[in-house]
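We did not get these values from a lab; they are worked out from the coordinates using the rules stated. The shown structure was predicted, so the numbers you read here are calculated from the model rather than taken from an experiment. Don't worry about glycine lacking a Cβ; one is built from the backbone with ideal geometry, like all the others, and counts go over all protein chains shown.
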Amino acid sequence: MAHGTAAGSKGHAHPSYMAIFWWLAALTAVELSVPFLLQNAEGFALFVKASSLIGMAATKAVLVAMYFMHLRFESRTLAFIAGTPIVLCVFLMLMLLPDAFA
C-alpha cells in the first residue's frame, strides 16, 4: 500500500517552519543581548540573568524538538518518553547542587 493520502489515514497540517525559524532567531538575538545588558550583574540580577538564559535555551530546545523533530504530532506516550530524561537531568542537578557549594 502506498504512503500518503490513502483513505482512512490521518495526517496533520504542516507547521510554518519559517515562523518557527523567526522565533528561534529572535530568541537567539535576545540571548546574545542579555549578557551585555546585565554585564555587571551581582546577587539577584545574576540570578535573573542566569535563569532567563536557561529559560530561553529550554524554550528553543522545546521548539526544535516539537516541530523539527515532529514530536508535537506524536502520541502522548512518546512525549512522555522524550520528557523523562529532562526530568531526570533536573533532578540530578538539584541533588548535586549542595556538593557544588561545599
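By per-residue mean of other Cβ atoms within 10 Å, what is the highest-first order of 60-70, 22-32?
Values: 60-70: 14.5, 22-32: 12.7.
Peptide ranking by packing, descending: 60-70, 22-32.
Checking the a/c ratio against 1.5 first, then a/b against b/c, what shape does the Cα gyration tensor give for the range 46-102?
oblate
What is the spin-label model distance, in nm, from Ala50 to Phe21 if the labels are put 7 Å beyond Cα along the C-beta direction?
3.6 nm
Between 0 and 90 degrees, rounded to the nearest ten: what's the tilt of helix 17-37 against the longest Cα principal axis of the chain?
Around 0 degrees separate the two axes.
P(r) for the chain: what percent of alpha-carbon pairs falls in each 5 Å bin, starting at zero?
2, 9, 13, 15, 16, 15, 11, 7, 4, 3, 2, 2, 0
Could you derive backbone 3J(HN,Hα) for the range 82-95 from the dihedral phi with the Karplus parameters 6.51, -1.76 and 1.60 (θ = phi - 60°), listing whole Hz in sequence and x where the residue is Gly or Pro?
Once rounded to whole Hz, the list reads 6, x, 4, x, 5, 4, 5, 5, 5, 4, 5, 5, 5, 6.
Given 37 °C and 0.692 mPa s, compute D for the range 16-69 with the Stokes-Einstein relation, Rh being the Kirkwood radius over Cα pairs; round to the nearest whole µm²/s.
Taking Rh from Cα pairs, D becomes 275 µm²/s.
Each residue of the range 68-76 in order: what ³J(HN,Hα) in whole Hz does its phi give by Karplus 6.51 cos²θ - 1.76 cosθ + 1.60, θ = phi - 60°, with x for Gly and Pro?
3J(HN,Hα) across the range 68-76, in whole Hz: 7, 9, 6, 6, 5, 9, 8, 6, 5.
Sequence gap at least 6, Cα distance under 8 Å: using those rules, report the relative contact order of the chain to the nearest whole percent.
21 percent.
Ordered by packing density, taken as the mean number of other Cβ atoms within 10 Å over each peptide's residues, highest first, how do 39-45, 83-89 rank? Don't skip to the answer; put the middle values down first.
Details: 39-45: 9.1, 83-89: 10.7.
In decreasing order of mean packing, 39-45, 83-89 become 83-89, 39-45.
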